[in-house]
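Single-structure report; data block below.
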Amino acid sequence: QVELVESGGGLVQPGGSLRLSCTPSGRTDLSFGMGWFRQAPGKEREFVAALSRSGTTTNYADSVKGRFTISRGNAKSTAFLQMNALKVIDTAVYYCAATYWDIATEGREYKFWGQGTQVTVAS
């Protein structure tokens, strides 16, 4: 099976940048579609970005389009989320996930989840 571990969260000022990483372990020989979700205090978990197994197709939430970029690393199923022009409303716990589908935008479509990493945007 697969375990996902997020890293790279922290405290940044509005307008700043942060890069999140998602490192898989276990059956990393398998290929997955990857996704990022986030959950802010008092809010439901929401979709942020997704990347197909081939790494050629992406999907972004409107709220982050043009500011966030999802990408794959050299290691199989490794995913990154580059976050630029961060806003206070981006503050949330960010989760990476892996799906057997080529690409997916809904949480129920994902099989494996990381523990989350806190991103706080404040002056």
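What to note about this one:
- Residues being under 15 Å from Ser77 (Cβ atoms) and not in a strand (DSSP E or B) - total across the range 1-50: 7
- Cβ-Cβ under 8 Å pairs, at least 6 apart or on other chains, the range 59-79 side farther than 18 Å from Phe32 by Cα, far side open to solvent by 40 Å² or more (accessible area, probe 1.4 Å) and among the small types (Gly, Ala, Ser): Arg67/Ala85
- Summed over the range 51-107, residues that are of a type in the set (Ser, Thr, Tyr), open to solvent by 10 Å² or more (accessible area, probe 1.4 Å) and in a strand (DSSP E or B) total 5.
- Test: residue in the range 82-104 that is touching an Asp or Glu at 6+ places or on another chain (Cβ under 6 Å) and closer than 13 Å to Arg38 by Cβ: yes
- Scan of the range 80-92 for residues that are aliphatic (A, V, I, L, M) and touching a residue at least 60 places away in the same chain (Cβ under 8 Å), ordered by number: Leu81, Met83, Ala85, Leu86, Val88
- Within the range 5-25, one or more residues are in contact with a Cys (Cβ under 7 Å, 6 or more places away or on another chain) and either open to solvent by less than 70 Å² (accessible area, probe 1.4 Å) or under 13 Å from Val119 (Cβ atoms) (or both).
- Looking only at residues in the range 26-42 that are of a type in the set (D, E, K, R) and more than 15 Å from Thr120 (Cα to Cα), the one that is surrounded by the fewest Cβ atoms within 10 Å (Cβ to Cβ) is Asp29.
- Hey, Arg108 under 14 Å from the mean Cα position of the chain (by Cα) and at pLDDT 95 or above or not: no
- The range 108-123, residues that are assigned to a strand (DSSP E or B) and under 15 Å from Gln39 (Cα atoms): Trp113, Thr117, Gln118, Val119, Thr120, Val121
The values are calculated or read from the model by the stated rules, or taken from the named source; none is laboratory data. Worth saying up front: this structure is predicted, and the values here are computed from it rather than measured. Note that each Cβ is placed from the backbone with ideal geometry, even for glycine, and that neighbours are counted across all protein chains shown. We work out accessible area using only protein heavy atoms, side chains counted, and drop any ligands, DNA or RNA first. Shrake-Rupley method; radii C 1.70, N 1.55, O 1.52, S 1.80 Å.
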